[in-house]
Structure formats: C-alpha cells, structure tokens
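Here's the structure, in structure tokens; my notes come after.
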Amino acid sequence: MAEFVPLRKGQTLKLADGRTVTVTDKLGEGGQGIVYRVRYDTGEERALKWFFIGYLKDPSKFYRHLESNINVGSPSEAFLWPEQLTEYVSGETFGYTMKIFPKGYESFSRYLLAKTRFKNVAAMVDAALNIVTAFKALHNKGYNYQDLNDGNFSIDPTSGKVLICDNDNVMGHGEYSGVLGKARYMAPEVVRGDKQPDKSTDRFSLAVILFMLLIGNHPLEGVKTNYPALTNKYEKRIYGTEPLFIFDEKDPSNAPHKLLHQNALRLWGFFPSFIQAAFRQSFSQESLLEGKERLLEQAWFNILMRLKSSLVRCPHCGEEMFLESDRATTCQSCKRTVKAVGHLLFDKRAGQDVTVPIFKDAALYEYHMNPLSEDFETRSAVILEKPGKFGLKNDSNYNWKIKTPSGKILAKQPGEVLVLGADAKIDFYNKNIAQVIVNN
Ligand SMILES: [Zn+2]
C-alpha cells in the first residue's frame, strides 16, 4: 500500500467541479485524516479534510458515498457538510472541502468534562432545541446519522447554536464496529447486533445526547455498571443486552453512584416532571429492549419548548429555575417552594402538552403564536407582574383576540398588555387559542 503523504503549503488541488484550491495552512489532525486551510483563486477560504490512506477501506465506494451526500445537500445550517470533493491524488486518496469551523464553538465533550460551561440555562435549552431541529432536518432529507458521539457536536456556550461535524458517515455503512466508547450512543439493538442503524435507532441516540446535555451523565451508567475496566463484554451488557436507566421507576438497581454520577443526582431534580417523564419513556425497558416508545423529534421539540417557557427566576434567591405550570416546584438552590398562580394551556402538539406558567418574566415565542412556526428564538410575549395581578405583553406582530368567561370580546394590538383573568381564552393567531387556567 502506498504511503500517506501530507499536503504541502502552497500545493494546489483540483476539485471535482474543475476549480482549484491552494493549501495555506494546517488546521488540525484527527483519526481519519488532516484538516487544512485552503483558498480558492477568488480568495474565499475553506477547510479541506484530507483522508489518511489506511482509513479508507474502499476508497471508490466512499468517494461515491460522499459525492451523493454533496449532491443531495446539507440538511440545515447546523451541519458542516462536505461541499466539493478533490480529485484522486495518485489513485490512492482524496479529500473534500467544507466551511471553516467558526470561532467560539466548543466540543460537546468539553461540556461533559466540565471544561466548558453554558453562559446560562437558557443557552443550554436552546442547544437542546438546536440539536433536535438538526436531527429533524437530517431525517427529513432522508439521512440517518449512524456515527453519533459527543465528538461530533460543537456548541456555542453563549447562543446555544450547534454545529455538527464529521458528517462523512451520514447514511451508508454503519454496523456495530465494536469500537469501545462508541456504543454509548448506539441504540441497544444496534449494540446487540440485531439491527442496522436507522431513524428509530437515531432517535434513541438523540435521547442519549439530550440526557447528557441536560443531566450531565450517561442514562445507562449507574452503580451496576461501575466495572473496573470497560471491556467489550461489559460494554455489550451495559448498552446492549442488560441496559437499565439510572432513574428507572420500577427497578432502582442501577441508580446513579453517589461519587461517580454527581451531575445526575444534582440535576435530575432541577428538571420538571414532564422532562423526567420524557426521559423515563425514552429509556424504559420497552424502548431499551424492544425499540418501542421512542419520542419523535417533533415531540421533543414541543417538550423542550415547554421547558424553555418554564424558565424563570426564583423569587426567594434569584437563581434560574424551571417552574412547573400547575403545581409547586422546589427551588434547587434555596429549597424553598415556588408556585405559579395559574398557567396558559394550549392545544396539544404532536401529542405533547403545551403550557406556560403565569409567572413573572415567563416568555412565549413565535412558536406559541403560530403552530406552524418552529421559531423558538423570537420572543413574542412576556408575563408581567404587578401587585395582585399578572399581564401578558404582546411583543408579537399579531392582533390578539380575547374572549372573557362572560362572553366579552377584547383585542390587544402589538405593544399592549392584557391583564390575565381566570378562564379567558386568548386567540393569538388564526384560532390558535390558549386558555387562562387558575391553579388550585
Ligand atoms: Zn431559590
């Protein structure tokens, strides 16, 4: 086999579309190859991933695979997708161009090792929403991910924006490789060797990523799985044949270890009941052993929007907390109880409840105004508090129509504040109605 020859500074390479790029710099090196900075004649810069010869087991098949992904195109802005292949060099290897990795993003693994932290809880929730949105776009484009792990994701700690890199293996081959560590993100049926990765196994991986993002530990790693050395045999047991959720309601035998899984012990109670329920469903024995009950991206999106709208500050200690809509919540910082006077109740979306607690500064987004919108960033309304009453300020572009219990019809234009009264029905836009429910 030919020897791998790194590219030289100043070397030019011909791309499949006929243009050429010049190598200007080395950006990094990984297990699959070297990434260089290259420049088009126009001055535009790109990154170029140059594969190690030994990495490519079937170079021409892999070339065609990448070619097909380039032709189909990137699912969304969140993907650092291959743009152009180079021509083969000496019939042995090749590379492809992609956008240069922007500054400010940090690898998800660094968050897991607590080397990076989100600026605030809101940025973390936005990161979760961005991951779900990216997966949805990927599946809508007909791909599945297959090769998911914490090294693929990079997140901006301030904005929660997500970039997914190493998309080379999206679609195509994906049998259980037996590589240690990788199984942590695979659906149990893939680890067991029962199934090839597909949409359903990707959905399992998505739930693992979300759990690790929010809770900070792995959902299946508890006291039972604390082996001195993680061999293939144990790995198959933990993630494949005998998986057990660390917060399984029926079987507590794999609960978090009090020293090894402190994040899980500390953070689980920080999240409201509906997030805990979503994870219990995702990691139930039915999901782990039969592949059932897994949440679709759209369900996760609605659940996470509910989470986003429940983010408030504790009135006692000022810390950020997630407030349940309809019941008392214990602030994890000061351990005091906080309860909303009521909540806004929308129609369910994708089988999930849509609610917002009536509490100072709880926010509604474009998503809440218009059920067809997936905009979770544009704030469209906010709850205001004055002694003895709560208001909802219209920051949207819509004219709201309100029907009071006595049948009176009101209107609130953008910029106006609606004083929230029991049982009023607010039509935000096109019969998308929320009802004001008073909590007992
Ligand atoms: Zn507090």
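Going residue by residue through region 352-367, is there one that turns out to be part of a loop (DSSP other than H, G, I, E, B), in contact (Cβ under 8 Å) with a residue 60 or more places away in the chain, surrounded by 15 or more Cβ atoms within 10 Å (Cβ to Cβ) and within 15 Å of the ligand (Cβ to nearest atom)? No; the residues of region 352-367 include none that is part of a loop (DSSP other than H, G, I, E, B), in contact (Cβ under 8 Å) with a residue 60 or more places away in the chain, surrounded by 15 or more Cβ atoms within 10 Å (Cβ to Cβ) and within 15 Å of the ligand (Cβ to nearest atom). Does residue 288 meet the test of being out of contact with any helix residue (DSSP H, G or I) (no Cβ under 6 Å at 6 or more places or on another chain) and either within 16 Å of the ligand (Cβ to nearest atom) or not charged (D, E, K, R) (or both)? No: the conditions fail for residue 288.
The set of residues in region 296-343 being assigned to a strand (DSSP E or B), of a type outside the set (Gly, Ala, Ser), more than 9 Å from the ligand (Cβ to nearest atom) and over 27 Å from the mean Cα position of the chain (by Cα) consists of 337 alone. If you take the residues of region 1-46 that are touching a Leu at 6+ places or on another chain (Cβ under 8 Å) and over 18 Å from residue 87 (Cβ atoms), which of them is surrounded by the most Cβ atoms within 10 Å (Cβ to Cβ)? Among those residues, the one meeting the criterion is 35. Test residue 289 against the criterion of being under 30 Å from residue 202 (Cβ atoms), part of a loop (DSSP other than H, G, I, E, B) and touching a residue at least 40 places away in the same chain (Cβ under 8 Å), and give yes or no. Considered against the rule, which asks whether it is under 30 Å from residue 202 (Cβ atoms), part of a loop (DSSP other than H, G, I, E, B) and touching a residue at least 40 places away in the same chain (Cβ under 8 Å), residue 289 comes out as no. Scanning region 107-123 for residues that are closer than 25 Å to residue 312 by Cβ and buried (at least 19 other Cβ atoms within 10 Å of the Cβ) returns 111, 118.
Being in contact (Cβ under 8 Å) with a residue 24 or more places away in the chain, more than 18 Å from residue 114 (Cβ to Cβ) and in the same structural domain as residue 278 (by TED's automatic domain parsing): is that true of residue 213 here? Here the answer is no, as residue 213 does not meet what is asked.
In summary, residue 382 fulfils each of the numbered conditions (1) within 16 Å of the ligand (Cβ to nearest atom); (2) over 24 Å from the mean Cα position of the chain (by Cα); (3) hydrophobic (A, V, I, L, M, F, W, C) with the single exception of condition (1).
The values are calculated or read from the model by the stated rules, or taken from the named source; none is laboratory data. Note that the coordinates shown come from a computational prediction; the quantities given were computed from them, not determined experimentally. Here the Cβ is made from the backbone with ideal geometry for all residues, glycine too, and neighbour counts use every protein chain on show.
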